[in-house]
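The values are calculated or read from the model by the stated rules, or taken from the named source; none is laboratory data. This structure is a prediction, so every number in the text was calculated from the model and none was measured. Note that we place each Cβ from the backbone using ideal geometry, even for glycine, and neighbour counts take in every protein chain shown. The accessibility values were calculated without ligands, DNA or RNA, using every heavy atom of the protein model including side chains. Shrake-Rupley method; radii C 1.70, N 1.55, O 1.52, S 1.80 Å.
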Amino acid sequence: MKIGDQVKFVNEVGGGRVAGFQSKNIVLVEDADGFQVPMTLSEVVVVNEENYDTQRMVGMVNQTKQEAAQRAREEEEDERPVTFKAPVEERRGGDMLSAYLAFVPVDVNRFNQSDFEVYFVNDSNYYLHFTLLSVEGRAWKLRHEAEVEPNTKLYLEEFGRDTLNDWERMGVQLMAYKRDKPFLLKPLIDVQLRIEAVKFYKRHTFVENDFFEQDALLYTIVERDEPSRPLIIDAKQLQKSLSQKKSLDASPARKPASVGRRRSQDEPIVVDLHATEILETTAGMSASDILNYQLEVMRRTLKENEKHKCTKIVFIHGKGEGVLRQAIINELRYHFKNYPYQDASFQEYGYGATQVTIV
């Protein structure tokens, strides 16, 4: 504000020209009659002479308010979440249901110590709503429930080897449908899967696949509309199996103690430690239970023959660097240190056998 400016009173009718300043906050306004009226700066407002029109000033105020409201609307729209979703892309052959439970090692370079990620893979043009369940005693526990979009995979969780037994027996139930378009009705799917813990110790069971950049272990839930063969266990049989497990030392499920075979005195004793050879049934037994019993058979065989010097005993455990083979080596190193051992004859027993000599 300066001398000569036209001003208008804010709180009363009238105005004039700035004639001077009485103090820092007091301005002298000269009216049309030549009188100078002292007013505080807050009580006057500068106006252009040509715009000294109440209607025009009101219009300017309204325009300012409209511009402010428009800016507020634009800011509000910018803050709204994006709700647009691209339409689902369908692929040829995808109208036949295929779904898998996938296990992927977190650190493939340290496979023997790696944890594992679990995914649900939907390899079809249908939405799949599924539940994943695990067994707790004689009951089921819900682990996951979700909807998976067509031709996608969904991360479920990560677990370590110490909880492998929790995955031994799984149930999957799923319903298939499409959105916003007609589709062929698919039957509800209810399957049970037996997850073999030993596979998580064998690198070759994790294979190249179409769903992950790295090797994965896949269990089929449904493939080309054919559900995985359901694991059906009769309730009475389950109760019987649980009783057998509790009385394992009484061994109603064991085969006779004489598990070794020997064709002549000069040939080695051969003990096949495969579960199907030393157990009548594995029903109700976990992978850990089976492994402990296999090692028990090995220990018993060695003790029964400890007085028969120079006797050779061949333990058949299967190919690869599996859990059983490593457990046998550990037993020999720490509990039977005096007994030399080596890989058994490949021509006789293949790659999956270890020979121990009683000394």
**Distant-in-sequence amide H partners of Ser124 (H built 1.01 Å from N, under 5 Å)** = Ser98, Asn151, Thr152
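Please give the peptides 275-285, 159-169 ranked by average Cβ packing (other Cβ atoms within 10 Å per residue), highest first, as a rough proxy for protection.
Details: 275-285: 16.5, 159-169: 14.9.
The densest-packed peptide leads the list: 275-285, 159-169.
Carbon and sulfur: what percent of region 270-359's accessible surface (1.4 Å probe)? Please report the intermediate quantities before stating the final value.
Details: 2250 of 4740 Å².
Carbon and sulfur together cover 47 percent of it.
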**Request:** Please calculate how many Å² of accessible area region 267-359 carries per residue, with a 1.4 Å probe and no DNA, RNA or ligand atoms counted.
**Result:** 52 Å²
**Prompt:** Among 110-118, 219-227, what's the highest-first ranking by average C-beta atoms within 10 angstrom per residue?
**Reply:** 219-227, 110-118
**Request:** Would you check the accessible area of Ser134, probe 1.4 Å, heavy atoms only, in square angstrom rounded to 10?
**Result:** 0 Å²
**Candidate aspartates and glutamates for bridging to Lys337, where Cα separation is under 14 Å - those fewer than 8 sequence places away on the same chain excluded** = Glu306
**Message:** So, for region 1-47, what is the accessible surface per residue at a probe of 1.4 Å, expressed in square angstrom?
**Reply:** 64 Å²
**Asked** Excluding ligands, DNA and RNA, what is the solvent-accessible area per residue of region 109-178 at a probe of 1.4 Å, expressed in Å²?
**Response** 46 Å²
**Request:** Just the number, please: carbon plus sulfur as a percent of the accessible area of region 96-168, 1.4 Å probe, no ligands or DNA/RNA counted.
**Result:** 42 percent
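Kindly sort Lys181, Lys8, Lys309 by accessible area of their heavy atoms, largest first, with the probe set to 1.4 Å.
Of Lys181, Lys8, Lys309, the descending order of accessible area is Lys309, Lys181, Lys8.
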**Message:** For Glu223, project a label point 7 Å along Cα to C-beta. Then give me every residue of region 89-131 with its amide nitrogen under 18 Å of that point.
**Reply:** 93-104, 119-125
**Complete:** Between Lys65 and Arg17, Cβ-based FRET efficiency (R0 30 Å, step 0.05) works out to 0.50
